[in-house]
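A quick write-up on the structure given underneath.
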Amino acid sequence: MEKKLKTYTAKERNMYLIGLVGQNIIYNIIGAALAYYLQFTILIPAIAVSVIMFLARVWDAFNDPMMGTIVDKTRTKIGKCRPYLLAVPIPILIITVLCFVNFGFYDPAMAMFEGKNALIVIWAAFTYILWGMAYTVGDIPLWGVTALMSESAKDREKLLSLARIVAGLGGGIAMLTVQPVALALGNFFYQKFDSVASAPEGERLGFIAAALIYGIVGSGLFQLTGIFVRERIPASKETYTLKKNFSLMWTNKPFRQILLSGVLGSPKMLLALAALPLVSYYYATKDPLKSILYVALLGGGVFIGQFIAMGLAPKLTERYEKKDLYNYANLLGAIPYALMFVVYLSAPQELTRPIYLFICFLLFSVGGATMGLTTVLQSFMIADAVDYEDYHNNIRPDGVFFSGQTFIAKLTTGIATIISGLAYHFVGFSDKAVEELNAFIEQGGIPRVEDKYSRYMLVLFFLVSIPPAIGSILSVIPTWKYALPDKEHKKMLEALNERRRENDSGNEEDE
């Protein structure tokens, strides 16, 4: 009789997914709000913010394989991933809040490294780099443990698909609400406390309070994963050195193709980076209630599309090749993004009208669906690449290869921030101009109907449309001739499971 494959229980699955929601709430406090806070609240110049984000993300990206190597070398009674999952949530909470606790407002009249400005910029860079390193300590084992929770490829794909859905849910909760909540708290502080001297000061305190509230919730949920998950696939006896692991990420052809595809698709990340400034300045003019409304309408379209596509991903892979789904979804995604810019050019001051909101909702929904599908497929393909390495070289680089997933996300975000910073700098939407626009809004002005601010509105719509369309097309170049067909992977996995059965039988006979 064929031996039953080891796999996770329903409780372990649920606790893993709840923890993933929490981790992604924390991630999107930083991912969705910090760049906005630094540039548009405390007025650090756009180029400086982009350089900080880029350098931190690049360092963090290359730090991921280092952490992956550490995870793969870890040997404890509770596994190689769980120790980190138990230890990291509280430190991440503390550093998340510190990212928003700064020395006040950047003064556009002074040089960048003059007086208080130097402290503000250096502290922003230091805390963001520190946060990225702490987050990596939890993120690598969080995704790597999925390859250790089950011997069944079908169960693993179900878990990864659900993981991407709930990660999107957690990220969506933070992305859709953290800015409106921060603005609402800022208004409350300004109106209720005499010690808060201005609306900008209230907004700054609102972001700090929001980071603390969301951070407590997110870290509390994240802690559940380390407590409840179990690792069922034993770690390889052999491990690679850091140098070998960096080489492995390139010599494993399927993984190399996924890695290059992610890097070339970097401009797609601008959709998330520019979304909050777009809502804040074009649609809501910093009104908290309007921010919630428009984020729900537009961002909701993205997330509805993502969730539907993520839920369908396992069924689609039963009928179609993963690489075909991945490539054609990317190509399809270029269409709605490009059309967004066309819609803006057709009515640059009227996109708050219901008909245009409906059109934008549909376009964002289709774009979100393609992004959701490719994100899930990327996880599937990375897990397959781990099996590929195990089959050929008898070693499972789970930590290193799933560090590649975060490597892609962080490096692409870094590249995207440079693109956005250059775009903002090119049109002059930075420091002094932001301060002027904030004052204009505080006096009741509406930027989208003022011709002198039209170039700022143009760049916001450009960033969420044209670069993501270009990134979608570029990302298919490395994977068009993907090196690991599904049939070949299935044979490899069957051989690997048989090899494990033989090893288990041998161990039982020795006992």
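Remark: the T76-W480 segment gains 141.4 nm on full extension, using 0.36 nm per residue and subtracting the alpha carbon distance. Measuring spread by the Cα atoms of the range 76-145 yields a radius of gyration and Dmax of 16.8, 58 Å. The calculated Kirkwood hydrodynamic radius for the range 362-488 is 18.2 Å, given to one decimal from all distinct C-alpha pairs. In whole angstrom, note down how far apart the Cα centers of the range 206-237 and the range 281-327 are. That distance is 24 Å. Modelled spin-label separation between I473 and E494, with each label point placed 7 Å from Cα along the Cα-to-Cβ direction: 4.2 nm. Using only side-chain charges placed at the Cβ, +1 for Lys and Arg and -1 for Asp and Glu, the dipole size of the chain relative to its Cα centre rounds to 620 debye.
Across the alpha-carbon atoms of the range 122-257, the computed radius of gyration and Dmax are 20.8, 64 angstrom. Rg/Rh, computed from the Cα trace of the range 91-184 with Rh as the Kirkwood radius, has the value 1.16.
In a fully extended conformation the segment linking A118 and K4 would gain 34.9 nm over its present Cα-Cα distance, using 0.36 nm per residue. Sorted from greatest to least, the principal axis extents spanned by the alpha carbons of the range 269-406 come out as 60, 29, 23 Å.
Beyond 23 Å in Cα-Cα separation lie the following of the pairs K244/K481; K4/K253; K80/K268; K73/K243: K244/K481; K4/K253; K80/K268. Cα-based Rg of the range 157-217 per 2.2 N^0.38 Å, rounded to two decimals? It is 1.50. The C-alpha atoms of the chain define a longest principal axis, and helix 322-346 lies at about 10 degrees to it. With a Förster radius of 22 Å applied to the C-beta separation of R501 and L316, the computed FRET efficiency comes to 0.15. The Rg/Rh ratio of the range 223-320, with Rg taken over Cα atoms and Rh as the Kirkwood radius over Cα pairs, comes to 1.13.
Across the chain, the mean sequence separation of Cα contacts (distance under 8 Å, 6 or more residues apart), normalised by length, yields a relative contact order of 27 percent. In the range 102-177, taking the dipole from charged Cβ atoms about the Cα centre, the farthest positive-side position among A109, L130, A163 is held by A163.
Over the Cα atoms of the chain, each weighted equally, I'd like the Debye log10 I(q)/I(0) at q = 0.07, 0.09, 0.11 Å⁻¹, rounded to two decimals. With one equal scatterer per Cα and no solvent, log10 I(q)/I(0) is -0.38, -0.62, -0.91. A protection proxy built from the mean count of other Cβ atoms within 10 Å ranks the segments 200-208, 494-502, 273-281, most packed first, as 273-281, 200-208, 494-502.
Per-residue Karplus couplings for the range 435-441, computed as 6.51 cos²θ - 1.76 cosθ + 1.60 with θ equal to phi - 60°, are listed in order as 4, 5, 5, 4, 5, 4, 5 Hz, Gly and Pro entered as x. Normalising by residue count, the range 1-102 has a Cα convex hull of 147 Å³ per residue.
For the pair E442 and I94 in one chain, pulling the backbone fully straight at 0.36 nm per residue adds 122.1 nm over the alpha carbon distance. Computing FRET efficiency as 1/(1 + (r/R0)^6) for Y391 and L55, where r is the C-beta to C-beta distance and R0 is 51 Å, gives about 0.85.
Distance from the Cα centre of the range 439-496 to that of the range 33-85, in angstrom? First find each Cα centre; the distance between them is then 21 Å. For the range 68-107, the Kirkwood hydrodynamic radius comes to 12.7 Å, computed from all pairs of different C-alpha atoms. Hey, what number do you get for the chain at 222 nm if only DSSP H runs of n ≥ 4 count, each worth -39500 (n - 2.57), divided across all residues, to the nearest 500? About -25500 deg cm²/dmol. Calculated on C-alpha atoms, the gyration radius of the range 179-252 divided by its Kirkwood radius gives an Rg/Rh of 1.39. In terms of its Cα atoms, the range 336-389 spans 54, 17, 10 Å along the principal axes, sorted from long to short. Rounded to the nearest 0.05, what FRET efficiency do F426 and F188 have when you use their Cβ-Cβ distance and R0 = 25 Å? Efficiency, from the Cβ-Cβ distance: 0.10.
FYI, it's all coordinate maths here, none of it is from the lab. Keep in mind the model is a prediction, meaning the values are calculated, not measured. Backbone-built Cβ (ideal geometry, glycine too); neighbour counts: all protein chains shown.
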